[in-house]
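Only one structure is covered here, and it is reproduced in the block below.
The values are calculated or read from the model by the stated rules, or taken from the named source; none is laboratory data. A quick note: this is a predicted structure, and the numbers were derived from the prediction, not measured. Glycine also receives a Cβ, built like all others from the backbone with ideal geometry; neighbour counts cover every protein chain displayed. For accessibility, only protein heavy atoms count, side chains too; no ligands or nucleic acids. Shrake-Rupley method; radii C 1.70, N 1.55, O 1.52, S 1.80 Å.
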Amino acid sequence: MDFSGPEVSLYHLWHHRDHVAVTPLTNSPDGKTNHGFLEGADSRIEEYFNEFHYHVFNRMHTTVLNNQEFTFNIMLGKKVSGRISHYYKQTQDGCSFYAETEIGMDGGLMATLFNKLNFSYLY
């Protein structure tokens, strides 16, 4: 129903075969301790994709975490290289869930190269 329940230490409740670990890197700007994903804080995620053939470590910056939305930016250094948003709400029959992924970087030569490499890889 919401995030007020007990803290769960396992990151792989969702996509349990893909999500390996989440490591807090920073606390929130107001000093709250980051135990995983915390709004305003950075975390590192470790994941496997494509039947365990693609192993990734990414730095994420959580921008929204509440009872309706969980959104984080995928960071490449200090630049945003993507964004993943999860939207959910209670329905009469249970829960409605929608996820959206945006990959790409704005501005400059590095962004142009990044986008060309990613889009050529995807297609």
Highest to lowest packing among 71-82, 98-109, 19-30, 34-45, scored as the average C-beta count within 10 Å: 34-45, 71-82, 19-30, 98-109
Solvent exposure of region 17-77 as accessible area per residue, Å², 1.4 Å probe: 57
Under 14 Å, Cβ to Cβ, from D42 - net charge with Lys/Arg +1 and Asp/Glu -1: +4
Difference of contour (0.36 nm per residue) and Cα-Cα distance, Y54 to A99: 14.1 nm
Efficiency of FRET from Cβ geometry, T91 and V64, R₀ 25 Å, rounded to 0.05: 0.75
As computed over region 49-97, the Cα convex hull volume per residue (Å³): 93
Length added when fully stretched, K32-T112, from 0.36 nm per residue minus Cα-Cα: 25.2 nm
Qualifying lysines (Cα of each under 24 Å from Cα of K116; at least 8 residues distant if same chain): K78, K79
